[in-house]
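Working notes, beginning with the structure itself.
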Amino acid sequence: MGGDGPKQYRMLAGKPVLAHSLEAFCDHPLISGVMAVIYPDDMALYSAAAPDHGKMLPPVAGGDSRQESVLAGLEALTEISADKVLIHDAARPFVAAETITDLVNGVAAGTGAIPAHRVTDTLKRGDDNLAIAETVERNELWCAQTPQAFLLDDILQAHRRVAGTGQTFTDDAAIAEAAGMRVNIIEASARNFKLTRQEDMVLAQAMLAQPAPEFRTGHGYDVHRIGPGDGVWLCGHFIVAPICLIGHSDADVGLHALTDALLATIAAGDIGSHFPPSDPQWKGVSSDLFLRHAHELVVSAGAAITHVDVTLVCEAPKIGPHRDAMREKLCELLQLSMDRVSVKATTNETIGFIGRREGIAAMATATVRFAGQPQEQQR
Ligand code: MG
(Lines give C-alpha, C1' and ligand atoms only; values in the text may rest on other atoms or scores of the structure.)
Protein backbone atom coordinates (compact mmCIF):
# COMPACT_ATOMS: atom_id res chain seq x y z
CA MET A 1 0.00 0.00 0.00
CA GLY A 2 2.94 2.37 0.58
CA GLY A 3 2.99 5.16 3.13
CA ASP A 4 3.95 4.88 6.76
CA GLY A 5 3.12 2.03 9.07
CA PRO A 6 0.91 -1.06 8.83
CA LYS A 7 -2.35 -0.44 6.95
CA GLN A 8 -4.54 -1.79 9.78
CA TYR A 9 -3.41 1.13 11.94
CA ARG A 10 -3.99 3.86 9.29
CA MET A 11 -6.65 6.38 10.22
CA LEU A 12 -10.03 5.96 8.54
CA ALA A 13 -12.82 8.44 9.39
CA GLY A 14 -11.21 9.40 12.69
CA LYS A 15 -10.07 5.99 13.96
CA PRO A 16 -7.67 3.24 12.94
CA VAL A 17 -8.83 0.69 10.33
CA LEU A 18 -8.40 -2.03 12.99
CA ALA A 19 -10.86 -0.26 15.31
CA HIS A 20 -13.57 -0.40 12.61
CA SER A 21 -12.91 -4.13 12.07
CA LEU A 22 -12.91 -4.99 15.79
CA GLU A 23 -16.01 -2.91 16.54
CA ALA A 24 -18.01 -4.77 13.86
CA PHE A 25 -17.56 -7.93 15.94
CA CYS A 26 -17.82 -6.35 19.41
CA ASP A 27 -21.14 -4.80 18.38
CA HIS A 28 -22.60 -8.10 17.11
CA PRO A 29 -24.92 -9.97 19.52
CA LEU A 30 -23.80 -13.44 18.37
CA ILE A 31 -20.13 -12.71 19.13
CA SER A 32 -18.95 -13.37 22.69
CA GLY A 33 -15.24 -12.52 22.43
CA VAL A 34 -12.84 -10.76 20.05
CA MET A 35 -9.10 -11.46 19.94
CA ALA A 36 -6.52 -9.70 17.79
CA VAL A 37 -3.31 -11.37 16.66
CA ILE A 38 -0.65 -8.67 16.42
CA TYR A 39 3.02 -8.09 15.85
CA PRO A 40 4.49 -7.69 19.36
CA ASP A 41 6.22 -4.49 18.19
CA ASP A 42 2.80 -2.97 17.42
CA MET A 43 1.52 -3.21 21.02
CA ALA A 44 1.29 0.58 21.45
CA LEU A 45 -0.52 0.98 18.10
CA TYR A 46 -2.86 -1.86 19.03
CA SER A 47 -3.65 -0.41 22.47
CA ALA A 48 -4.58 2.90 20.86
CA ALA A 49 -6.80 1.16 18.28
CA ALA A 50 -8.58 -1.51 20.34
CA PRO A 51 -12.12 -0.55 21.39
CA ASP A 52 -12.77 -0.23 25.11
CA HIS A 53 -15.28 -3.08 25.06
CA GLY A 54 -15.97 -5.94 27.45
CA LYS A 55 -15.78 -8.51 24.61
CA MET A 56 -12.13 -7.70 23.85
CA LEU A 57 -9.73 -10.49 24.84
CA PRO A 58 -6.00 -9.89 25.40
CA PRO A 59 -4.09 -9.75 22.07
CA VAL A 60 -1.87 -12.63 21.00
CA ALA A 61 1.57 -12.38 19.36
CA GLY A 62 1.50 -13.55 15.74
CA GLY A 63 4.05 -15.52 13.73
CA ASP A 64 6.10 -14.85 10.59
CA SER A 65 3.25 -15.58 8.18
CA ARG A 66 -0.51 -15.14 8.08
CA GLN A 67 -0.91 -18.88 8.50
CA GLU A 68 1.31 -19.00 11.61
CA SER A 69 -0.46 -15.99 13.10
CA VAL A 70 -3.89 -17.59 12.66
CA LEU A 71 -2.64 -20.80 14.28
CA ALA A 72 -1.28 -18.80 17.25
CA GLY A 73 -4.70 -17.17 17.67
CA LEU A 74 -6.54 -20.51 17.44
CA GLU A 75 -4.22 -22.10 20.01
CA ALA A 76 -4.85 -19.16 22.36
CA LEU A 77 -8.61 -19.62 21.96
CA THR A 78 -8.38 -23.15 23.37
CA GLU A 79 -7.72 -21.45 26.73
CA ILE A 80 -11.29 -20.18 26.76
CA SER A 81 -14.47 -22.08 26.02
CA ALA A 82 -14.81 -21.01 22.37
CA ASP A 83 -17.14 -23.03 20.17
CA LYS A 84 -17.26 -21.37 16.76
CA VAL A 85 -14.54 -19.08 15.48
CA LEU A 86 -14.60 -16.42 12.75
CA ILE A 87 -11.16 -15.57 11.33
CA HIS A 88 -11.02 -12.07 9.87
CA ASP A 89 -8.54 -9.82 8.06
CA ALA A 90 -7.94 -6.67 10.12
CA ALA A 91 -7.84 -4.68 6.86
CA ARG A 92 -11.51 -5.42 6.02
CA PRO A 93 -13.30 -2.71 8.00
CA PHE A 94 -16.67 -3.00 6.22
CA VAL A 95 -17.91 -6.45 7.27
CA ALA A 96 -21.71 -6.31 7.56
CA ALA A 97 -23.59 -7.54 10.64
CA GLU A 98 -25.82 -9.75 8.43
CA THR A 99 -22.72 -11.45 7.02
CA ILE A 100 -21.52 -12.28 10.55
CA THR A 101 -24.99 -13.63 11.41
CA ASP A 102 -25.11 -15.81 8.27
CA LEU A 103 -21.62 -17.19 8.95
CA VAL A 104 -22.27 -18.04 12.60
CA ASN A 105 -25.48 -19.82 11.59
CA GLY A 106 -23.81 -21.53 8.62
CA VAL A 107 -21.18 -23.42 10.62
CA ALA A 108 -21.58 -27.05 11.73
CA ALA A 109 -19.28 -29.94 12.61
CA GLY A 110 -17.06 -30.59 9.60
CA THR A 111 -18.57 -27.64 7.71
CA GLY A 112 -17.16 -24.13 7.44
CA ALA A 113 -18.62 -21.04 5.77
CA ILE A 114 -17.01 -18.07 4.06
CA PRO A 115 -18.40 -14.87 2.58
CA ALA A 116 -17.68 -14.33 -1.09
CA HIS A 117 -18.90 -12.31 -4.05
CA ARG A 118 -19.15 -13.38 -7.66
CA VAL A 119 -16.43 -12.46 -10.13
CA THR A 120 -17.93 -9.83 -12.41
CA ASP A 121 -14.93 -8.91 -14.59
CA THR A 122 -14.08 -11.14 -17.52
CA LEU A 123 -11.01 -13.16 -16.55
CA LYS A 124 -8.02 -13.60 -18.84
CA ARG A 125 -5.01 -15.80 -18.45
CA GLY A 126 -1.92 -13.95 -19.69
CA ASP A 127 1.36 -15.41 -20.88
CA ASP A 128 4.89 -14.19 -20.05
CA ASN A 129 4.71 -11.60 -22.87
CA LEU A 130 1.42 -10.18 -21.55
CA ALA A 131 -0.50 -11.68 -24.41
CA ILE A 132 -3.84 -13.27 -23.61
CA ALA A 133 -3.48 -17.02 -23.58
CA GLU A 134 -7.13 -17.73 -22.88
CA THR A 135 -10.38 -16.37 -21.49
CA VAL A 136 -11.29 -18.12 -18.24
CA GLU A 137 -14.88 -19.22 -17.68
CA ARG A 138 -16.00 -17.17 -14.70
CA ASN A 139 -19.45 -18.65 -13.98
CA GLU A 140 -18.26 -20.77 -11.08
CA LEU A 141 -15.68 -18.33 -9.75
CA TRP A 142 -16.01 -16.38 -6.50
CA CYS A 143 -13.81 -13.85 -4.72
CA ALA A 144 -13.23 -15.15 -1.18
CA GLN A 145 -13.56 -12.68 1.68
CA THR A 146 -13.27 -12.92 5.44
CA PRO A 147 -14.41 -13.57 8.14
CA GLN A 148 -14.18 -17.31 7.56
CA ALA A 149 -16.15 -19.37 10.04
CA PHE A 150 -15.56 -22.85 11.47
CA LEU A 151 -15.93 -24.86 14.63
CA LEU A 152 -12.78 -24.05 16.59
CA ASP A 153 -11.84 -27.74 16.92
CA ASP A 154 -12.24 -28.34 13.16
CA ILE A 155 -10.09 -25.47 11.95
CA LEU A 156 -7.50 -25.91 14.69
CA GLN A 157 -6.97 -29.57 13.68
CA ALA A 158 -6.79 -28.55 10.01
CA HIS A 159 -4.16 -25.88 10.78
CA ARG A 160 -2.11 -28.22 12.97
CA ARG A 161 -2.13 -30.77 10.10
CA VAL A 162 -0.27 -28.43 7.75
CA ALA A 163 1.84 -26.50 10.29
CA GLY A 164 5.55 -27.00 9.68
CA THR A 165 5.02 -28.87 6.40
CA GLY A 166 6.09 -25.93 4.30
CA GLN A 167 2.69 -25.84 2.56
CA THR A 168 1.32 -22.31 2.38
CA PHE A 169 -2.30 -21.36 1.98
CA THR A 170 -3.70 -17.90 1.33
CA ASP A 171 -6.83 -18.35 3.41
CA ASP A 172 -8.25 -20.61 6.11
CA ALA A 173 -10.87 -22.12 3.83
CA ALA A 174 -8.03 -23.58 1.72
CA ILE A 175 -6.62 -25.21 4.87
CA ALA A 176 -10.07 -26.60 5.73
CA GLU A 177 -10.49 -27.86 2.15
CA ALA A 178 -7.11 -29.57 2.34
CA ALA A 179 -8.33 -31.35 5.48
CA GLY A 180 -11.36 -32.63 3.58
CA MET A 181 -13.87 -30.28 5.20
CA ARG A 182 -16.87 -28.92 3.38
CA VAL A 183 -16.80 -25.11 3.14
CA ASN A 184 -19.95 -23.32 2.03
CA ILE A 185 -20.09 -20.00 0.24
CA ILE A 186 -22.30 -17.29 1.69
CA GLU A 187 -22.93 -14.58 -0.88
CA ALA A 188 -21.78 -11.24 0.55
CA SER A 189 -21.41 -7.67 -0.63
CA ALA A 190 -18.25 -6.63 -2.45
CA ARG A 191 -18.25 -3.68 -0.01
CA ASN A 192 -16.44 -6.02 2.38
CA PHE A 193 -13.19 -5.43 0.47
CA LYS A 194 -9.67 -5.64 1.81
CA LEU A 195 -7.66 -2.42 1.98
CA THR A 196 -4.76 -3.36 -0.25
CA ARG A 197 -3.80 -0.44 -2.46
CA GLN A 198 -3.65 3.27 -1.73
CA GLU A 199 -6.75 3.80 -3.90
CA ASP A 200 -8.66 1.40 -1.58
CA MET A 201 -7.98 3.80 1.28
CA VAL A 202 -9.39 6.69 -0.79
CA LEU A 203 -12.50 4.64 -1.56
CA ALA A 204 -12.91 3.65 2.11
CA GLN A 205 -12.66 7.31 3.19
CA ALA A 206 -15.32 8.24 0.62
CA MET A 207 -17.63 5.45 1.83
CA LEU A 208 -17.51 6.79 5.40
CA ALA A 209 -17.55 10.50 4.54
CA GLN A 210 -20.37 12.51 6.05
CA PRO A 211 -22.15 14.85 3.64
CA ALA A 212 -20.81 18.38 4.05
CA PRO A 213 -23.08 20.44 6.31
CA GLU A 214 -25.03 23.26 4.74
CA PHE A 215 -24.98 26.61 6.56
CA ARG A 216 -27.61 29.29 6.03
CA THR A 217 -27.85 32.81 7.38
CA GLY A 218 -31.10 34.73 7.87
CA HIS A 219 -31.64 38.41 8.55
CA GLY A 220 -34.39 40.22 10.43
CA TYR A 221 -35.36 43.84 11.10
CA ASP A 222 -38.01 45.39 13.34
CA VAL A 223 -38.99 48.77 14.74
CA HIS A 224 -41.54 49.85 17.33
CA ARG A 225 -42.80 53.29 18.29
CA ILE A 226 -41.95 54.74 21.71
CA GLY A 227 -44.71 55.93 24.06
CA PRO A 228 -44.86 56.96 27.72
CA GLY A 229 -44.62 54.06 30.15
CA ASP A 230 -42.66 52.28 32.88
CA GLY A 231 -40.19 50.19 30.88
CA VAL A 232 -39.34 48.22 27.73
CA TRP A 233 -38.85 44.55 26.84
CA LEU A 234 -35.68 44.07 24.78
CA CYS A 235 -34.33 40.59 23.89
CA GLY A 236 -36.62 39.03 26.50
CA HIS A 237 -35.28 41.27 29.27
CA PHE A 238 -37.29 44.03 30.97
CA ILE A 239 -35.57 47.40 31.48
CA VAL A 240 -37.24 49.93 33.80
CA ALA A 241 -37.46 53.28 31.97
CA PRO A 242 -39.95 56.16 31.63
CA ILE A 243 -41.02 54.86 28.19
CA CYS A 244 -42.70 51.86 26.63
CA LEU A 245 -42.69 50.30 23.17
CA ILE A 246 -46.09 50.35 21.47
CA GLY A 247 -47.16 47.14 19.78
CA HIS A 248 -49.70 44.36 19.61
CA SER A 249 -47.59 41.97 21.72
CA ASP A 250 -44.97 43.06 24.26
CA ALA A 251 -43.29 44.92 21.35
CA ASP A 252 -39.86 43.36 21.98
CA VAL A 253 -38.06 44.56 18.83
CA GLY A 254 -35.00 42.42 19.60
CA LEU A 255 -36.96 39.16 19.75
CA HIS A 256 -39.06 40.15 16.74
CA ALA A 257 -35.99 40.81 14.58
CA LEU A 258 -34.39 37.58 15.75
CA THR A 259 -37.58 35.59 15.12
CA ASP A 260 -37.61 36.89 11.53
CA ALA A 261 -33.93 36.01 11.12
CA LEU A 262 -34.60 32.42 12.23
CA LEU A 263 -37.64 32.10 9.96
CA ALA A 264 -35.51 33.45 7.11
CA THR A 265 -33.00 30.59 7.43
CA ILE A 266 -35.72 28.13 6.38
CA ALA A 267 -37.58 30.60 4.13
CA ALA A 268 -40.65 30.24 6.35
CA GLY A 269 -42.10 33.73 5.90
CA ASP A 270 -42.02 36.33 8.67
CA ILE A 271 -43.38 36.82 12.14
CA GLY A 272 -46.55 38.46 10.80
CA SER A 273 -47.41 35.41 8.70
CA HIS A 274 -47.19 33.12 11.72
CA PHE A 275 -48.68 35.50 14.32
CA PRO A 276 -50.95 38.00 12.48
CA PRO A 277 -51.39 41.28 14.46
CA SER A 278 -55.07 41.06 13.46
CA ASP A 279 -55.45 37.93 15.63
CA PRO A 280 -56.51 38.97 19.17
CA GLN A 281 -54.93 35.87 20.74
CA TRP A 282 -51.44 37.42 20.34
CA LYS A 283 -52.43 40.68 22.12
CA GLY A 284 -49.98 41.44 24.92
CA VAL A 285 -48.24 38.04 24.73
CA SER A 286 -44.59 37.60 25.57
CA SER A 287 -42.47 37.51 22.41
CA ASP A 288 -40.66 34.50 23.89
CA LEU A 289 -43.45 32.50 22.30
CA PHE A 290 -42.64 33.79 18.79
CA LEU A 291 -38.95 33.01 19.12
CA ARG A 292 -39.58 29.52 20.51
CA HIS A 293 -41.95 28.78 17.64
CA ALA A 294 -39.37 29.86 15.04
CA HIS A 295 -36.75 27.74 16.79
CA GLU A 296 -39.06 24.70 16.67
CA LEU A 297 -39.62 25.21 12.94
CA VAL A 298 -35.86 25.41 12.35
CA VAL A 299 -35.28 22.19 14.31
CA SER A 300 -38.07 20.32 12.55
CA ALA A 301 -36.58 21.39 9.22
CA GLY A 302 -33.45 19.46 10.24
CA ALA A 303 -31.26 22.41 11.24
CA ALA A 304 -29.48 23.51 14.39
CA ILE A 305 -28.75 27.12 15.32
CA THR A 306 -25.03 27.83 15.44
CA HIS A 307 -25.03 31.57 16.15
CA VAL A 308 -27.31 34.57 16.60
CA ASP A 309 -26.50 38.27 16.63
CA VAL A 310 -28.83 41.14 17.56
CA THR A 311 -28.12 44.85 17.15
CA LEU A 312 -30.37 47.29 19.05
CA VAL A 313 -30.51 50.89 17.84
CA CYS A 314 -31.76 53.46 20.36
CA GLU A 315 -30.76 56.64 22.21
CA ALA A 316 -32.14 55.28 25.50
CA PRO A 317 -32.24 53.21 27.61
CA LYS A 318 -28.53 52.35 27.83
CA ILE A 319 -28.11 48.73 26.68
CA GLY A 320 -24.57 48.06 27.96
CA PRO A 321 -25.52 47.31 31.61
CA HIS A 322 -28.21 44.86 30.38
CA ARG A 323 -26.32 43.18 27.54
CA ASP A 324 -25.33 40.02 29.42
CA ALA A 325 -28.78 39.58 30.96
CA MET A 326 -30.20 39.74 27.41
CA ARG A 327 -27.65 37.20 26.15
CA GLU A 328 -28.46 34.87 29.02
CA LYS A 329 -32.15 35.10 28.21
CA LEU A 330 -31.49 34.31 24.53
CA CYS A 331 -29.27 31.37 25.56
CA GLU A 332 -32.11 30.03 27.68
CA LEU A 333 -34.72 30.48 24.95
CA LEU A 334 -32.61 28.95 22.17
CA GLN A 335 -30.59 26.46 24.25
CA LEU A 336 -27.29 27.93 23.10
CA SER A 337 -24.03 28.63 24.91
CA MET A 338 -23.03 32.25 25.57
CA ASP A 339 -20.29 32.20 22.92
CA ARG A 340 -22.99 31.67 20.27
CA VAL A 341 -25.16 34.62 21.31
CA SER A 342 -24.21 38.21 20.53
CA VAL A 343 -26.11 41.36 21.53
CA LYS A 344 -24.81 44.73 20.35
CA ALA A 345 -26.16 48.26 20.64
CA THR A 346 -25.65 51.63 19.08
CA THR A 347 -27.32 55.02 19.18
CA ASN A 348 -28.45 56.76 16.01
CA GLU A 349 -26.35 59.86 16.77
CA THR A 350 -29.57 61.82 17.59
CA ILE A 351 -30.62 61.89 13.92
CA GLY A 352 -33.72 60.46 12.29
CA PHE A 353 -36.72 58.98 14.07
CA ILE A 354 -34.52 56.90 16.36
CA GLY A 355 -32.38 59.95 17.18
CA ARG A 356 -35.53 61.90 17.99
CA ARG A 357 -36.49 59.06 20.40
CA GLU A 358 -39.65 58.26 18.45
CA GLY A 359 -38.81 54.56 18.11
CA ILE A 360 -36.36 51.74 18.77
CA ALA A 361 -35.09 49.48 15.99
CA ALA A 362 -33.39 46.08 15.99
CA MET A 363 -31.52 44.04 13.39
CA ALA A 364 -30.63 40.39 13.76
CA THR A 365 -28.83 37.62 11.94
CA ALA A 366 -29.11 33.91 12.65
CA THR A 367 -26.88 31.14 11.30
CA VAL A 368 -28.10 27.55 11.16
CA ARG A 369 -26.46 24.30 10.13
CA PHE A 370 -28.14 21.47 8.26
CA ALA A 371 -26.32 18.18 8.89
CA GLY A 372 -27.36 16.70 5.55
CA GLN A 373 -29.81 17.66 2.83
CA PRO A 374 -32.41 20.09 4.20
CA GLN A 375 -35.80 18.48 4.59
CA GLU A 376 -38.73 19.99 2.80
CA GLN A 377 -40.49 22.48 5.03
CA GLN A 378 -44.28 22.20 5.29
CA ARG A 379 -46.26 25.33 6.04
MG1 MG B 1 -42.42 43.81 15.95
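Using only the alpha carbons, work out the radius of gyration and Dmax of the stretch 247-308 in angstrom.
11.3, 34
For ALA188, list long-range residues whose amide hydrogen, built 1.01 Å from N in the peptide plane, is under 5 Å from its own amide hydrogen.
ALA116, HIS117
Could you work out how far the C-alpha centroid of the stretch 228-275 sits from that of the stretch 32-50, in angstrom?
A separation of 60 Å, based on Cα centres.
Give me the dipole magnitude in Debye, nearest 20, for the chain about the Cα centre, with unit charges on the beta carbon: positive for Lys and Arg, negative for Asp and Glu. Don't jump to the answer; show the numbers that get you there.
Numbers: 31 positive and 47 negative charges, 177 e Å.
About 840 debye.
Short version: ³J(HN,Hα) in whole Hz for each residue of the stretch 343-355, in order, from phi by Karplus 6.51 cos²θ - 1.76 cosθ + 1.60 (θ = phi - 60°), x for Gly and Pro, what are they?
So the Karplus estimates, Gly and Pro as x, are 10, 10, 8, 8, 8, 9, 6, 6, 10, x, 5, 6, x Hz.
About its Cα centre, how strong a charge dipole does the stretch 93-141 have in debye, to the nearest 20, once Lys and Arg get +1 and Asp and Glu get -1 at the Cβ?
80 debye
If you take every DSSP beta bridge whose two residues both sit in the chain, what share of them, in percent to the nearest 5, is antiparallel?
Counting DSSP beta bridges with both partners in the chain, the antiparallel share is about 75 percent.
So with the 1.4 Å probe, I'd like the accessible area per residue for the chain, rounded to whole Å².
Working: 19890 Å² over 379 residues.
Per-residue value: 52 Å².
Roughly what % of Cα-Cα distances in the stretch 78-178 sit above 21 Å, to the whole percent?
That tail contains 48 percent of the Cα-Cα pairs.
Per the helix-only calculation at 222 nm, which mean residue ellipticity applies to the chain, given -39500 (n - 2.57) for every DSSP H run of n ≥ 4 and division by its residues, nearest 500 deg cm²/dmol?
About -8500 deg cm²/dmol.
At 1.4 Å probe size, with the rest of the protein present, what percent of the exposed accessible area of the chain is carbon and sulfur atoms?
On the chain, the fraction of accessible area on carbon and sulfur atoms equals 51 percent.
Straight-line reach only, C-alpha to C-alpha below 16 angstrom: list the lysines that LYS7 could link to, leaving out same-chain residues fewer than 8 apart.
Here the lysines satisfying the reach criterion relative to LYS7 are LYS15, LYS194.
Nearest 5 percent is fine: what portion of the DSSP beta bridges confined to the stretch 287-379 is antiparallel?
Details: 10 of 16 bridges.
Taking every DSSP beta bridge within the stretch 287-379, about 60 percent pair in antiparallel fashion.
How large is log10 I(q)/I(0) at q = 0.08, 0.09 Å⁻¹ when the Debye formula is applied to the Cα atoms of the chain, each weighted equally and without solvent?
So the normalised log intensities are -0.64, -0.70.
Positive end of the charge dipole of the chain (Lys, Arg +1 and Asp, Glu -1 on Cβ, about the Cα centre): tell me which of ALA109, ALA301, TYR221 has its Cα farthest that way.
The Cα lying farthest towards the positive end belongs to TYR221.
Which GluC sites (Glu not before Pro) in the stretch 316-366 sit in a loop by DSSP (not H, G, I, E or B) and have at most 16 other Cβ atoms within 10 Å of their own Cβ? Mind showing how you got there, number by number?
On the way: sites: GLU328, GLU332, GLU349, GLU358; in loops: GLU349, GLU358.
Qualifying residues, ordered by number: GLU349, GLU358.
What is the Cα centroid distance between the stretch 192-214 and the stretch 112-136, reported in whole angstrom?
Measuring centre to centre over Cα atoms gives 26 Å.
The values are calculated or read from the model by the stated rules, or taken from the named source; none is laboratory data. Nothing here was measured: the structure is a model prediction, and the numbers come from that model. Cβ: placed from backbone, ideal geometry, glycine included. Neighbour counts: every protein chain shown. SASA here: full protein model, heavy atoms, side chains in, ligands and nucleic acids out. Shrake-Rupley method; radii C 1.70, N 1.55, O 1.52, S 1.80 Å.
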